[in-house]
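Accompanying notes for the structure given below.
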Amino acid sequence: MSGILTGKTLVVMGVANQRSIAWGCTQSLLAQGAKVILTYQNDRLKTSLERFVGPDQALVACDVSKDENVEAAFKEIATKYGKVDGVIHAIAYADKATLTSGLVNTTADGYALAQHISAYSFISVARYASQVMKDGGSLVTLTYFGSERAIPNYNMMGVAKASLEASVRYLASDLGAANIRVNAISAGAVKTLAVTGIKNHGTLLKMSRDRTVDGKSVETSEIGNTAAFLLSDLSTGITGDIIYVDKGVHLM
Ligand code: NAD
């Protein structure tokens with residue numbers, strides 16, 4: 001099928017299941033004609049992915065907790081599939097104690113882990129992906145409004161997202177000369193595995209839905225379509241930016 005991504009090879013990191021934002025993005029990229037390579041965190045998730053992705057789907061291991069894993073993943077992708085034109089980074093993690101306690105109780109270890117997986121990993125991905133993006137391209141990460149406002153129970157993840165958003169701006173500056181753009185989508189709340197780790201996530205999801213302009217939560221397909229645009233040549237003027245796909249929640 002031809003579309004705005006025809007001829008592009010794109011890597012999507014962070015599909016855990018069919019509710020994942022990364023899975024919604026994958027559908028949009030495929031619908032726009034891209035070749036998509038998925039990375040997975042561990043063997044358990046690989047087995048789970050294999051149940052729904054189809055036998056021809058390219059899968060590459062990448063636990064982002066170690067730089068060498070990220071480097072190896074992009075080398076493997078370049079060797080097997082040639083150059084890369086773009087990446088979606090849809091990865092975040094904080095341990096339960098850190099997520100469920102207020103920021104005031106966050107330990108040094110909890111802080112470091114959340115920052116490492118949720119923010120630093122995007123820097124690592126940008127470094128190793130850019131080495132195989134021979135014709136330039138586009139990097140997209142996922143953030144949330146809790147970076148700007150103290151959203152109840154979002155706690156340490158809000159601090160990590162603020163760091164991720166600052167990283168977007170500096171990476172856009174660093175990689176501009178290589179013709180690589182870097183942006184984030186600030187998505188509205190969606191019920192995924194990651195969200196269920198947040199204390200009282202039902203309240204967070206309802207609060208978010210109640211503030212959308214039409215009273216309906218954003219769909220992962222809507223987030224995915226914006227990701228497709230940001231990875232396409234239709235958005236070459238946009239870099240270092242945070243694009244809201246939250247149906248107006250940040251305005252209300
Ligand atoms: P999800 O649970 O489906 O995806 C999270 C992914 O992170 C999983 O695939 C998991 O395997 C991956 N991950 C965690 N640690 C990893 C590691 N060490 N190495 C490799 N992968 C690792 O949840 P989601 O909501 O789709 O989350 C995707 C992104 O979207 C996250 O950055 C999240 O913060 C962001 N986001 C989510 C919402 C929401 O409401 N769901 C809103 C805004 C932004």
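Taken together, the values in this text are just the output of simple stated rules run on the coordinates, not laboratory data. Please read all numbers here as calculations on a predicted model, not as lab measurements. Note that each Cβ is placed from the backbone with ideal geometry, even for glycine, and that neighbours are counted across all protein chains shown.
Over all projection directions, the Cα-based convex hull of the range 18-121 averages an area of 7.8 nm². Counting lysine pairs in the range 79-208 that sit 8 or more residues apart in sequence, or on different chains, and whose Cα atoms lie under 19 Å apart gives 9. Between the amide H of residue 243 and those of 184, 185, 186, distances stay under 5 Å, these residues lying 5 or more places away or on another chain, with hydrogens modeled in the peptide plane.
With a sphere of radius 12 Å drawn around the Cβ of residue 252, what net charge do the other residues whose Cβ falls strictly inside it have (Lys, Arg +1; Asp, Glu -1)?
Numbers: positive: 149, 209, 211, 247; negative: 210, 214, 246.
Surrounding charge for residue 252 is +1.
Any idea what angle helix 67-81 forms with the longest principal axis of the chain, computed on alpha-carbon atoms, 0 to 90 degrees, nearest 10? Result, in degrees: 40.
For the chain, the dipole from Cβ point charges (+1 on Lys and Arg, -1 on Asp and Glu) about the Cα centre works out to 420 debye, to the nearest 20.
Taking 57, 131, 41 in turn, the Gaussian network model of the chain (Cα-Cα springs below 10 Å) assigns the largest fluctuation to 57. Enter the angle in degrees (range 0 to 90, nearest 10) between the Cα long axis of helix 201-210 and the first principal axis of the Cα atoms of the chain, meaning the one along which they spread out most. Here the helix axis deviates by roughly 80 degrees. Among rounded, prolate and oblate, which fits the range 43-96 when a ≥ b ≥ c are the square roots of the eigenvalues of its C-alpha gyration tensor, a/c under 1.5 means rounded, and a/b larger than b/c means prolate? Since a/c reaches 1.5 but b/c is at least a/b, the shape of the range 43-96 is classed as oblate.
Per residue, the average separation of C-alpha pairs within less than 8 Å and at least 6 apart gives the chain a relative contact order of 22 percent. Counting only Cα atoms, the size of the chain along its three principal axes is 45, 40, 40 Å, in decreasing order.
Backbone geometry of the range 110-118 corresponds, through the Karplus equation with coefficients 6.51, -1.76 and 1.60 at θ = phi - 60°, to 3J(HN,Hα) couplings of x, 4, 4, 5, 4, 5, 4, 6, 8 Hz, x marking Gly and Pro. Rg over Rh for the range 126-252 works out to 1.00, using Cα positions for both radii and the Kirkwood form for Rh.
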